[in-house]
Amino acid sequence: MNNNCVIVRGGGDLASGVIHRLHRCGYRVLILECEKPSAIRRKVAFCEAVYDKTAEVEGVLCRQANALEECDKIWQAGEIPLIVDHDGTCIETLNEQGKVAVLIDAILAKKNLGTTKEMAPLTIGLGPGFTAGRDVDFVVETMRGHDLARIITEGCAIPNTGVPGIVGGVSKERVIHSPGTGTIRGIAHIADIVEKGQILAYVGDVPVEASITGVLRGIIKDGYYVPFGMKIADIDPRKEEKKNCFTISDKARCIAGSVVEILLSNGILPK
């Protein structure tokens, strides 16, 4: 295995924007994911490889590996390996072998799920939940607005407000939360044009209705067990933007640029 590995915890859509950029820049990236990822924008999330063994985002292929020993072969094929390892147990193994250069926590859980500075020579946390200089070396702001992607060397990102960023002039109305508890069964599909009030899915026997008219930008995977109130879908009010369902967002690309800046400014070069 390469001795300059960049480990990314999380493979959701924002994480995937960072991973995609790092891969295109020549870094060898290893994704660590949980057993049941809950991505909404699944068409641009490498974590879908947990379910489908592979996932492609804008021409870059991610492939699930069953063991660390498989990673070299995947990298040599020009692909990105993903290992199901929610707790990051393989990080210690790779550190003992001197093969970790960077650890990026891109889980976006709004809190720190266990990442520490001791896990890698350089550590980066995306979004709230981390304190630069204590939990990680750097924090990258994920809140839309003037400070989006700002590199923080001391302190924290803006706390989670619970209010989604504005897309097409719409904020909280575009995000749909589960009206019940149970297994979701989808009716509509990502990139469908949906009308306000249209049934998109069922959670158990409870219908999930479209909150606004627009493009269904994302919806959680069919068969996922969701609790009441969990974010399960996202609608873009701009009907003409269907292509956005299949491309990395401006927000993810902006954050990715800051991550690359951190690596380069700290002398961590691609392979």
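The values are calculated or read from the model by the stated rules, or taken from the named source; none is laboratory data. Not measured: the values here are computed from a predicted model. All Cβ positions, glycine included, derive from the backbone under ideal geometry; neighbour counts span all protein chains shown. Accessible surface areas use protein heavy atoms only, side chains included; no ligands, DNA or RNA. Shrake-Rupley method; radii C 1.70, N 1.55, O 1.52, S 1.80 Å.
Would you mind working out the accessible area per residue for region 119-271, using a 1.4 Å probe, and quoting it in Å²?
With the other protein chains kept in place, region 119-271 gives 47 Å² per residue.
When we measure straight from the Cα of K172, which lysines land under 16 angstrom away, once same-chain ones fewer than 8 places off are left out?
Of all the lysines, those that pass the test against K172 - Cα under 16 Å, at least 8 places apart if same chain - are K196, K231.
Which value in deg cm²/dmol, rounded to the nearest 500, describes the helix-derived mean residue ellipticity at 222 nm for the chain, given -39,500 (n - 2.57) per DSSP H run of n ≥ 4 and division by the residue count?
Result for the chain: -5000 deg cm²/dmol, rounded to the nearest 500.
Karplus couplings for region 76-85 from phi (6.51 cos²θ - 1.76 cosθ + 1.60, θ = phi - 60°), rounded to Hz, Gly and Pro as x?
Whole-Hz 3J(HN,Hα) from phi for region 76-85: 4, 7, x, 10, 10, x, 10, 10, 6, 7.
Can you return the aspartates and glutamates within cross-link range of K111? Criterion is Cα-Cα under 12 Å, with same-chain partners fewer than 8 residues away left out.
Straight-line reach from K111, under 12 Å: D135.
Between K172 and T54, what is the FRET efficiency for a Förster distance of 25 Å, r being their Cβ-Cβ separation, to the nearest 0.05?
0.15
Quick one: with all protein chains in place, what share of the accessible area of the chain is carbon or sulfur, to the nearest percent (1.4 Å probe)?
49
May I ask you to derive the FRET efficiency for R24 and T181 from their Cβ-Cβ distance with R0 = 41 Å, giving the value to the nearest 0.05?
Approximately 0.55, to the nearest 0.05.
Counting other Cβ atoms within 10 Å, which GluC sites (Glu not before Pro) in region 56-165 have at most 16 and lie in a DSSP loop? Kindly include the intermediate steps, with their values, before the conclusion.
Working: sites: E56, E58, E69, E70, E79, E92, E96, E118, E141, E154; in loops: E58, E79, E141, E154.
Those that pass, being in a loop and sparsely packed, are E58, E154.
Could you list the trypsin sites (Lys or Arg not before Pro) in region 37-115 that lie in coil according to DSSP, counting only those with at most 15 other Cβ atoms within 10 Å of their Cβ?
Passing both the DSSP loop test and the Cβ count: K53, K110, K111.
Which of K99/K251; K243/K271; K110/K271; K53/K271; K242/K271 have a Cα-Cα distance over 28 Å?
K99/K251; K243/K271; K110/K271; K242/K271
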